[in-house]
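K.L.:
Sharing a structure, written as structure tokens. Questions coming.
Each reported figure results from applying straightforward, stated rules to the coordinates on display, with no laboratory input. Since the structure is predicted, the reported quantities are computational estimates derived from the model, not experimental observations. Every residue, glycine as well, gets a Cβ built from its backbone with ideal geometry; the counts of neighbours run over all protein chains shown.
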Amino acid sequence: MSSKFRRAAAPLAVAALLASSLVAQSTLGDDCSNPDVTTVGPGVYPYDSTGFTVTGPISGCNGLTDVFDYWFTYTATMSGIAVVSNCSTSTVAPGGFTTAGVDTYIGIWDTTSCPPTTEIACADGSPNCGVNQSEVLFGISAGNTYYIQVGNWIGGSPVSGAIAIVELPGAANDECAGAIPLTTGLNTGFNNFTATPSLPNPSCGIAGPDVWFTFTPTCTGNLIIETCGSPLDTVVTVWDNCPGVEVACNDDAGAGPCAGTLQSYINFPATVGNTYYIQVGGWAGATGNFDINIHCEYVHVWSAPFGSGSLQLENVDGPPGAVAYSAITLDILHVGLPAAVTFPNGWFFGVPMGFVELTTQLGFGG
């Protein structure tokens with residue numbers, strides 16, 4: 001009798017252990033105290049918060065209490081930049097996805113406490129992916145561990161899908177201390193794919209992932225900096241030092257050859273010999289390629305250098321070696337013309353330039 005009882009007890013103990021295992025498995029990832037720890041280095045990692053009930057800290061990209069968030073710990077295998085994405089169309093971190101129609105956010109937290117108190121970065125949506133899927137970039141150090149929080153922006157239903165994690169070397173000019181010098185004219189071939197956001201944010205918009213440059217003008221007058229024609233939605237800010245005081249800032253061009261576009265156009269008074277720091281970022285987290293055109297504004301100045309009766313035209317800050325020319329007509333009668341016929345009032349024009357610059361100088365382009 002007793003032996004039969006003992007034989008029956010073994011299956012019950014196994015069943016109890018299995019049930020306990022299922023309960024633990026069902027809450028894996030529900031909170032920072034029980035995170036999914038499979039995320040060591042780059043890869044694609046699934047998540048599903050069905051049945052979760054524990055409320056975690058509120059991400060700065062959410063703002064609502066979310067009982068359906070999913071938590072990972074991620075340990076970096078290199079120093080540089082990490083990209084975490086559930087964006088199915090991401091070109092930087094492919095492989096992630098999320099349930100159709102579910103508006104997600106991704107938060108990155110410091111792991112020195114649980115619940116965490118310091119959010120390193122976050123994203124609600126992504127300019128590269130649409131409003132429901134998210135992609136976030138942040139700086140990493142080899143061996144450091146970070147919390148990754150994936151949640152429903154409205155907090156009303158579970159999230160499921162997968163995050164993709166990619167590690168990249170950081171951009172050399174990710175911060176102003178590593179700024180790259182620019183030359184007068186068109187500077188091409190830049191991007192902010194491996195950049196992180198710098199603080200503080202510029203006054204004209206959220207710069208998102210940004211890179212830094214320097215420029216020392218050889219002219220005293222207005223300096224033009226623009227990203228016209230670039231595919232990236234840029235925010236361009238000029239600072240007087242590193243770190244420094246903001247000198248000028250533009251998100252969407254309101255003047256110049258690309259007025260009314262998502263590119264940037266800045267025209268500000270600069271001083272010859274001064275070095276300016278130029279911050280170029282992607283608006284609200286956007287990444288992409290861009291070019292920078294930088295030059296002094298062309299100015300044509302009339303003067304009377306020898307007093308009344310003298311006349312001088314100066315082409316100031318134009319292209320080196322440019323030849324200025326002018327035509328002047330006076331409102332006087334011409335021999336042989338009827339008394340009622342006169343020449344038009346005086347006019348002039350200056351340096352050789354393209355159509356876009358021509359329209360700008362005449363006032364049609366800003």
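K.L.:
Between Ser157 and Thr275, what's the calculated FRET efficiency when r is the beta-carbon distance and R0 is 51 Å? Round to 0.05.
P.N.:
On the way: r = 53 Å, r/R0 = 1.03.
For R0 = 51 Å, the calculated efficiency reads 0.45.
K.L.:
Then there's this: Please give the net charge around Thr188, taking every other residue with its beta carbon less than 15 angstrom from that of Thr188, where Lys and Arg add +1 and Asp and Glu add -1. The partial results should precede the final answer.
P.N.:
Details: positive: none; negative: Glu226, Asp291.
Net charge around Thr188: -2.
K.L.:
With labels modelled as points extended 7 Å from the Cα through the Cβ direction, what inter-label distance (nm, one decimal) is found for Asn34 paired with Thr112?
P.N.:
So the two model labels end up 2.8 nm from each other.
K.L.:
If each residue of separation counts as 0.36 nm, what is the full-extension length gain between Thr53 and Thr216 once their alpha-carbon separation is subtracted?
P.N.:
On the way: separation 163, 0.36 × 163 = 58.68 nm, distance 5.71 nm.
Full-extension gain reported as 53.0 nm.
K.L.:
What is the sum of charges around Pro127, taking Lys and Arg as +1, Asp and Glu as -1, for the other residues whose C-beta is under 11 Å from the C-beta of Pro127?
P.N.:
Values: positive: none; negative: Glu135, Asp233.
So the surrounding residues net to -2.
K.L.:
Quickly rank 40-47, 163-170 as a protection proxy: mean count of other C-beta atoms within 10 Å, highest first. Let's see the in-between values first.
P.N.:
Working: 40-47: 16.6, 163-170: 19.9.
Ranked from most to least packed, the peptides come out as 163-170, 40-47.
K.L.:
While we're on this one: For segment 126-253, with only Lys/Arg (+1) and Asp/Glu (-1) charged at the beta-carbon, what is the dipole magnitude about the Cα centre, in debye rounded to 20? Write out the running numbers ahead of the final one.
P.N.:
Details: 0 positive and 11 negative charges, 38 e Å.
With Lys and Arg at +1 and Asp and Glu at -1, about 180 debye.
K.L.:
Shifting gears a bit: Projecting each Cα onto the charge dipole of segment 35-127 (Lys/Arg +1, Asp/Glu -1 at the beta carbon, about the Cα centre), which of Ser90, Asn62, Pro116 comes out farthest on the positive side?
P.N.:
Ser90
K.L.:
Here's something else I'd like to know. Of Val245, Ile180, Thr218, whose Cα points farthest to the positive end of the dipole of segment 127-267 (charges on the beta-carbon: +1 Lys, Arg; -1 Asp, Glu; origin at the Cα centre)?
P.N.:
Ile180
K.L.:
Residues in segment 150-171 near a label at Ser79, defined as backbone nitrogen under 18 Å from the 7 Å Cα→Cβ point?
P.N.:
167-171
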